[in-house]
1. Which of the peptides 250-262, 46-58 is most tightly packed, and how do the rest follow, going by the mean number of other Cβ atoms within 10 Å of each residue?
2. Report, in listed order, any pair from 187/222; 60/85; 60/143; 85/142; 60/221 with a Cα-Cα distance greater than 29 Å.
3. Counting Lys and Arg as +1 and Asp and Glu as -1, what is the net charge of the other residues whose Cβ lies under 12 Å from the Cβ of residue 114?
4. Test of understanding: what is the full-extension gain from residue 107 to residue 52, defined as 0.36 nm times their sequence separation minus their Cα-Cα distance?
5. May I ask for the equivalent-ellipsoid semi-axes of the stretch 183-264, computed as the square root of five times each C-alpha gyration tensor eigenvalue and listed largest first in whole Å?
6. Using only alpha carbon pairs under 8 Å that are at least six residues apart, calculate the relative contact order of the chain and give it in whole percent.
7. All other residues with a Cβ under 11 Å from the Cβ of residue 145 taken together, and with Lys, Arg as +1 and Asp, Glu as -1, what is their net charge?
8. Would you mind working out the magnitude of the charge dipole of the chain relative to its Cα centre, with +1 at each Lys and Arg C-beta and -1 at each Asp and Glu C-beta, to the nearest 20 Debye?
Amino acid sequence: MRDSRTFGIFPSNLLLPDAFRASDRNLVELGYVEANDVCFKIHYDARIDTTRRLSAETWKEFLGILDRNPNPERIDIHSHWTSKKRDPVEILISVSRQEIDITVGSHDPAVQELLHRQMQESFHASNTAPEKSPILSRWSLKKTVFLAHRFDEQGKVAAAAVERFLRACGFAVVEGEGYEARNIPAKVEERIESQDILLAVFTPGDPTWTTSEAAFARGRKKYIVFLAEDGTDVKKGILGADYEHLTFPPGNVEKAFTSLLYALPR
C-alpha cells in the first residue's frame, strides 16, 4: 500500500541538505538501511538548473550532491529501505519550488504514518485550509504571506482584518514585530525569507519599518503588494514600480479586499 501526500507550504529558504540529513537520521534511528537491489526504478536525481542534472546511485552519494549543490531546481528520489525489526518501505520524494510530494509504501500503516510525520517535520512542510476561492489556486508561488504593518492601534486593527481575509482565502500568514531601530531584526528577516509574498499595509504614521521590510523583500525577489490608506506617506521610489499598489478609505481596509483578491497570485 502506498500513502502519498503533497505539501504546498514550506520555507522559501529551506535548507535542503539539512532536511534530507534529518530524514536520514530518522531512518537510521528506526533501524532502516538502504536497499539498492530490490527495484529497477531506484534513482536519486537532482536537477541543478535547466541545463544540468546530477544523478546518484546511492542515498549517501545523493547527500553529497546536495552538500555541493544545496539549491537544485528539482529533486526526484525513488528509494527502498529494509529493517530487521520493521516491514521494508519504499520512499519517493519530489521537491520543486512550489511543492513537496512524499510517498511511503509499506504493508504497515503505522510505519507509513510515522515516516510521513517525521519527513513532514524535517521539511517544515504543511498545507493551508481548503480553498475558499478557486481563483487563488493557479499561480507558481506558494500561498505564504508576510504581513508588514505598523504596530500602533490603527495598524494592528487594519492588519488583523487583512489577516482574517487572507486566512479565509487559504493563505498562511506570519507577521513581524515592532522595533525601534531602522535595521530589520534577524528574526524578522528570517520570517520574510520564509514567505513567498509580502503584503505591506500602510496606515497613518511613520512608514519606516513597513517600507524597510518591503525593500528587504524586494531584494529577496518576493512578490510584493502595497495596501495603503488614502493620504498615507508611502515612499514608492524606494521600490520602483514592480509591485501592486492598492488603496482604501480611512479606517475601512475591507473596501480593498476585492482588488486585493485579484492582486494576489493565483
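1. On the way: 250-262: 15.1, 46-58: 13.4.
The packing order, highest mean first, is 250-262, 46-58.
2. On the way: 187/222 17 Å; 60/85 22 Å; 60/143 33 Å; 85/142 39 Å; 60/221 33 Å.
Long pairs (Cα-Cα over 29 Å): 60/143; 85/142; 60/221.
3. -4
4. On the way: separation 55, 0.36 × 55 = 19.80 nm, distance 3.68 nm.
Extra length available between residue 107 and residue 52 comes to 16.1 nm.
5. Details: eigenvalues 85, 43, 26 Å².
For the stretch 183-264, the semi-axes come out at 21, 15, 11 Å.
6. On the way: 496 pairs, mean separation 44.8, N = 266.
Rounded, it is 17 percent for the chain.
7. Details: positive: 142, 143, 167, 191, 222; negative: 163, 175, 196.
Here the charged neighbours net out to +2.
8. Working: 35 positive and 39 negative charges, 83 e Å.
Result for the chain is approximately 400 debye, rounded to the nearest 20.
Read-outs throughout are calculated quantities, based only on the coordinates presented, and are distinct from any laboratory measurement. Computed from a predicted model, the values in this text were never measured in an experiment. Cβ atoms come from the backbone with ideal geometry, glycine included; neighbour counts cover every protein chain shown.
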